[in-house]
Amino acid sequence: MENIKIKLSYWTYPEGDDFEDIETFKADLSKEFETEITSQPTDAMGGGLYEFVIEIINNVDFADIAKDYLEDGVKIGLGYFWKPIFKRIKELFKKNKQYNPDIEVAKFIFKDIEIIIYPLYLDSIDEVIDESIQTLSRHYFKIKNETKSATSIHIPIFNQVDTYEVCAYRVRLNVDENIPTFKKEDYFKLWGIKCVNDTDYIYDVNNKSILKTRFYTQQEYDILLDKKFEAER
């Protein structure tokens, strides 16, 4: 599909065992999109194996998509190309249940912003993607105007102190998550915004308010937790 590139990456077992029918999956996806799929074996035997990091790169400004939605009321979103991708991924995962495959994160990269959506439960991204993009379209210009230099929007963020009490605002954690359950509504409460000057904001979707405060992605949280453990030794 013109102007869209799909990048998928994931870790495999050290022995190098890969997904069954992965070559067929690659060939099928490449018929519609410019596609780059990479896998790499790792010695780490914990979580993260066979979990896709998905990047969908679109050579347009998200501001143009948001403007069209606001002016014309057109029900637009990313579903028109996300749905066939997700359908193929689910088919691949179904054939490879022995690896417990999953999606780690989905990144929608536009010329002016990167939108990062995290899974909360099975098939949650597929369920909320269209509504998330439509909701973001209604709030996008307020976010850009009030933060000035936003580079990425993280959906969703949670205001709950983690198990080790190192932070309050964060993404859903891969390990030791102390929030017992997640629902679709969680995607439309708090979003995180990162800016070029290393400033973070939390956007309250319902109240249309912005709070200047730090939030942590999984990678940032891991670094923070390592520092805490190191200091306690």
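No lab work stands behind these numbers, since they all come straight from the coordinates. This structure is a prediction, so every number in the text was calculated from the model and none was measured. When we count neighbours, we look across all protein chains shown, and the Cβ atoms used for this are built from the backbone with ideal geometry, even at glycine.
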Practice prompt. Can you spot the lysines whose alpha carbon is less than 20 Å from residue 67's alpha carbon? Ignore those fewer than 8 places along the same chain.
Written response: 75, 111, 142, 144, 148, 208
Item to complete: List the residues whose amide H sits under 5 Å from the amide H of residue 160, counting only those 5 or more places along or on another chain, with H placed 1.01 Å from N in the peptide plane.
Response: 170
Worksheet item: Mind ordering 207-220, 98-111 by average Cβ neighbours within 10 Å, highest first?
Response: 98-111, 207-220
Worksheet item: Can you pull out the trypsin sites (Lys or Arg not before Pro) in segment 126-200 that DSSP calls coil and that have at most 12 other Cβ atoms within 10 Å?
Response: 148, 183
Worksheet, complete the sentence: Here the gain from full extension of residue 68 to residue 139, 0.36 nm per residue of separation minus their alpha-carbon distance, amounts to 24.2 nm
Discussion item. Suppose R0 equals 30 Å. What FRET efficiency, 1/(1 + (r/R0)^6) with r the Cβ-Cβ distance, do residue 149 and residue 7 give to the nearest 0.05?
Written reply: 0.75
Worksheet item: Could you work out Rg/(2.2 N^0.38 Å) for segment 4-232, with Rg from alpha carbons only?
Response: 1.05
Item to complete: Return the loop-located GluC sites (Glu not before Pro) in segment 120-200 (DSSP other than H, G, I, E, B) with at most 14 other Cβ atoms within 10 Å of their own Cβ; answer none if there are none.
Response: 165
Worksheet item: When the scattering of segment 79-175 is computed by the Debye formula from its Cα atoms alone, each counted once and equally, what is log10 I(q)/I(0) at q = 0.24 Å⁻¹?
Response: -1.33
Discussion item. Testing the spin-label approximation: label points 7 Å from Cα along Cα→Cβ at residue 198 and residue 183. State their distance in nm.
Written reply: 3.9
Response to the item:
Expected vector for segment 121-128, Karplus 3J(HN,Hα) from phi with 6.51, -1.76, 1.60 and θ = phi - 60°, integer Hz, x for Gly and Pro, equals 7, 4, 6, 5, 5, 4, 6, 10
Worksheet item: What nm distance separates the two modelled labels at residue 228 and residue 121, each placed 7 Å from Cα along Cα→Cβ?
Response: 2.7
Discussion item. Given a Förster distance of 25 Å, report the FRET efficiency between residue 42 and residue 21 from their Cβ-Cβ distance, rounded to the nearest 0.05.
Written reply: 0.70
